[in-house]
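The values are calculated or read from the model by the stated rules, or taken from the named source; none is laboratory data. In this text the structure is predicted, and so the values were computed from the model without any measurement. As a convention, Cβ positions derive from the backbone with ideal geometry for all residues, glycine included, and neighbour counts pool all protein chains shown.
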Amino acid sequence: MALRVLLIMLTIQTWSLSEPIAGPYDVFIDQVGECPQGLVDPFFPVKIRLVRNRHNHNDMFAFANYTIIERLDDSSSMRLEFGSWSSGGGWKENAFIMKFQRLCSTLHNLAPRTVQALERSLSNSKNVSPVTCPWNPDTYQITNFSTLEIKSNVPAVFYGKWRINLIIFNSKTQTAIACCRVYARTTPKIPLVKTSN
Ligand SMILES: *[C@@H]1O[C@H](CO)[C@@H](O)[C@H](O)[C@H]1NC(C)=O
Ligand SMILES: *[C@@H]1O[C@H](CO)[C@@H](O)[C@H](O)[C@H]1NC(C)=O
């Protein structure tokens, strides 16, 4: 009996050693786009252009234009719907969903570096930059935001290939104010190697 348990534990351990399913991670963005028609109502139009960094194929520079007609602040909430890529092919919708209240505070707590880089790349219709959260109704332009800036304080996640619907809501009316769709991969974190000469 004890041997059987030990064998099972060994099997689980070798399996998780060769193929961990979750843990410390790196995030790579493959594509960012508008949410498809019908995903949120009203449709949220956003023009996005991604330019690959020729010196680092994991990095892309994002350029975007969009207009928000409602203020985004701590009364707004955010929902991340994760579709996961299944080994058999195809997307499994809503593999999991993360919901956050208090948009600006959550962004600053969960992904401070990302939101600061985003704010630096952001300008409003009067060409004021950076524009910090909360964001008033206006037309915004994102210029040259590096996707490698996308990092979070969440210590461990599941590894895989994801299609994420990032939706920002008015908490009171539950109507969508903004939406975008991000294709990303999470892979086991490669520690920074110190080189010594
Ligand atoms: C955003 O708008 C500016 C000014 O009209 C334009 O030059 C730029 O190409 C647009 N960017 C995208 C990604 O559509
Ligand atoms: C975007 O940023 C990168 C690195 O900071 C820089 O090399 C590149 O010239 C910038 N591109 C534009 C269009 O500003």
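For the range 40-76, name all the residues that are over 23 Å from LEU148 (Cβ atoms) and within 16 Å of ligand 1 (Cβ to nearest atom). Within the range 40-76, PHE44, PRO45, THR67, ILE68 meet the criteria. The residues of the range 150-174 that are under 14 Å from GLN101 (Cα atoms) and over 12 Å from the mean Cα position of the chain (by Cα), listed by number, are ILE168, PHE169, ASN170, SER171, LYS172, THR173, GLN174. Out of the range 144-170, which residues are loosely packed, with under 14 Cβ neighbours inside 10 Å and polar (S, T, N, Q)? Within the range 144-170, ASN144, ASN153 qualify. Close contacts from the range 137-163, counting a first residue that is more than 16 Å from ligand 1 (Cβ to nearest atom) and a second that is of a type in the set (D, E, K, R), with Cβ to Cβ under 7 Å and a gap of 6+ residues or different chains, come to PRO137/GLU70; PRO137/ARG71; LEU148/ASP59; GLU149/ARG113; LYS151/ARG113; LYS161/ARG185; ARG163/ARG181. Residue count for the range 171-184 under the criterion of being over 21 Å from PRO36 (Cβ atoms) and either among the polar types (S, T, N, Q) or part of a strand (DSSP E or B) (or both): the result is 2. Here VAL182 meets the list (1) of a type in the set (A, V, I, L, M); (2) farther than 27 Å from ARG52 by Cβ; (3) in contact (Cβ under 8 Å) with a residue 60 or more places away in the chain almost entirely, failing just condition (2).
From the list ARG4, ARG79, the one residue that fits, being modelled with pLDDT of 95 or more and away from ligand 1 (no atom under 16 Å from the Cβ), is ARG79. Taking every residue in the range 57-79 that is within 15 Å of ligand 2 (Cβ to nearest atom) and pairing it with any residue that is acidic (Asp, Glu), at least 6 positions away or on another chain, the pairs with Cβ-Cβ distances below 9 Å are ASN58/ASP26; MET60/ASP30.
Among the residues of the range 40-56, the ones that are within 23 Å of CYS133 (Cβ to Cβ), in contact (Cβ under 8 Å) with a residue 40 or more places away in the chain and more than 15 Å from ligand 2 (Cβ to nearest atom) come to 4 in all.
Being among the β-branched types (Val, Ile, Thr), surrounded by 17 or more Cβ atoms within 10 Å (Cβ to Cβ) and more than 16 Å from ligand 2 (Cβ to nearest atom), is that true of even one residue in the range 125-134? Within the range 125-134, one or more residues are among the β-branched types (Val, Ile, Thr), surrounded by 17 or more Cβ atoms within 10 Å (Cβ to Cβ) and more than 16 Å from ligand 2 (Cβ to nearest atom).
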